[in-house]
1. If you wrap the stretch 35-75's Cα atoms in a convex hull and average its projection over all directions, what's the area in nm²?
2. Sorted by average packing, counted as other Cβ atoms within 10 angstrom per residue and highest first, what order do 54-66, 289-301 take?
3. Taking the stretch 84-189, which GluC sites (Glu not before Pro) meet the DSSP loop condition and have no more than 12 other C-beta atoms within 10 Å?
4. Under the √(5λ) rule applied to the eigenvalues of the Cα gyration tensor, what semi-axes describe the equivalent ellipsoid of the stretch 170-320? Give them in Å, descending.
5. Taking N as the number of residues in the stretch 63-114, what is its alpha-carbon radius of gyration divided by 2.2 N^0.38 Å?
6. Given R₀ = 30 Å, FRET efficiency for S83-S143 by Cβ-Cβ distance, to 0.05?
7. How big is the equivalent ellipsoid of the stretch 47-153 along its three axes, where each semi-axis is √(5λ) from the Cα gyration tensor, reported in whole Å from largest to smallest?
8. Would you work out what percent of the accessible area of the stretch 46-117, with all protein chains in place, is carbon or sulfur (probe 1.4 Å)?
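The values are calculated or read from the model by the stated rules, or taken from the named source; none is laboratory data. Since this is a predicted model, take the numbers as computed values, not measurements. Ideal geometry is used to build each Cβ from the backbone, glycine not excepted, and the neighbour counts take in all protein chains shown. Heads up: the accessible areas ignore ligands, DNA and RNA and are worked out on the full protein's heavy atoms, side chains in. Shrake-Rupley method; radii C 1.70, N 1.55, O 1.52, S 1.80 Å.
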Amino acid sequence: ERSSDLGILPGHQIRRMRARRGMMPSCTSSVIRAMTDPWFLVAGPRAGLRQVEAWSGYPLQFAGQRRFPWAEQMARQLQTALSELALSPAETLVGVYLPTDASPCDAENRLFVNPAECIPKGVTSLRFERGAGPPPPPPVPISTVEGHVYYCRYRPGGTWESWEPAELLARWRRVPRLLSDDGSCRPVWLAIKTAAAAGRIETFDSAVQDGTPFGLRIVVHATGQGPRSATAVSENVIDGAVAAFHARASNPALIASALAPRMPVISQTGLEELVAADPPRPLSSASPFIVKGTYIQISPCDERCYAGDVEIRPGCTRTPGGTERRAICPEETDRITLTDRMLPRK
């Protein structure tokens, strides 16, 4: 089992964000890696430009769930191109997602989770955003499945290009995680909900309206046992944090009954109180829980997460007696950032 602390970056704060003005990506990479198939193209890096670009006629899906044979070829070529970025351990891998399709989607998944096997090993810091404006045109036309082009760009380092923080919405300091990493977002949800119940989440504004985009920054403070890969934990820590800011459920007893076998560190009564409690600051008026019999799923509004950072930092220790803990551990430079509206960036 991995053990770590989890933190929010930077400034342990939630803020509104504004869109940058005039931030349009440019297609500058000239090394074309894929035209053996007309459905996708991967370009870069090249001398003097550590950047990889990828265009496709359909979103790259999870390994094992890809609809088209060409998607596997695209993944292999993307893996080769990203490996040639030669990232150092101190560098952040930055991804920008720019589709012509305006449909809601999880930008972090599209950039880092779906192509997980393509991301270089040992990446401890990643940054993602769903950019503003249309994508740059591919150097060579590609075919599309449903009339849309899906564009991803990767580079080492740099800030968000399209968004910036605005008004502060919420912040918190150390929030211990008592539930061991179980491969889901439940431990992070439990950590934040428990902290909120203890009055450890400070808020500064009213509820965000449904449909409002937001962003976040998260730090995972790792022990010697890990985790060591930001892409391995990013989805679960983001989903757990976002889910904790959903509205309370109308059927807390049912949800607590389904959660209890998966959360042995807290009583069913305690779980029911957390599920029924108002969130520290609602991002969504809907509950994040989907229950079907004994099956339960946490489904947060992560498609509205337009920008974010996930970083792993070493130095966390185990609690006395070897109990595994993870915590939301913001420091002075740590924050979670939420947007209430998207305005042109200055």
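1. Values: hull surface 12.8 nm².
If you wrap the Cα atoms of the stretch 35-75 in a convex hull and average its projections, you get 3.2 nm².
2. Working: 54-66: 18.4, 289-301: 14.8.
Result, highest mean Cβ count within 10 Å first: 54-66, 289-301.
3. On the way: sites: E84, E91, E108, E117, E129, E146, E161, E167; in loops: E84, E91, E146, E161.
Passing both the DSSP loop test and the Cβ count: E146.
4. Details: eigenvalues 102, 77, 45 Å².
Equivalent ellipsoid semi-axes, largest first: 23, 20, 15 Å.
5. On the way: Rg = 13.0 Å, N = 52, 2.2 N^0.38 = 9.9 Å.
Compactness ratio reported: 1.32.
6. On the way: r = 27 Å, r/R0 = 0.89.
Here the calculated transfer efficiency is 0.65.
7. Details: eigenvalues 92, 48, 40 Å².
Values for the stretch 47-153, descending: 21, 16, 14 Å.
8. Values: 1570 of 2970 Å².
Whole-percent figure for carbon plus sulfur exposure: 53.
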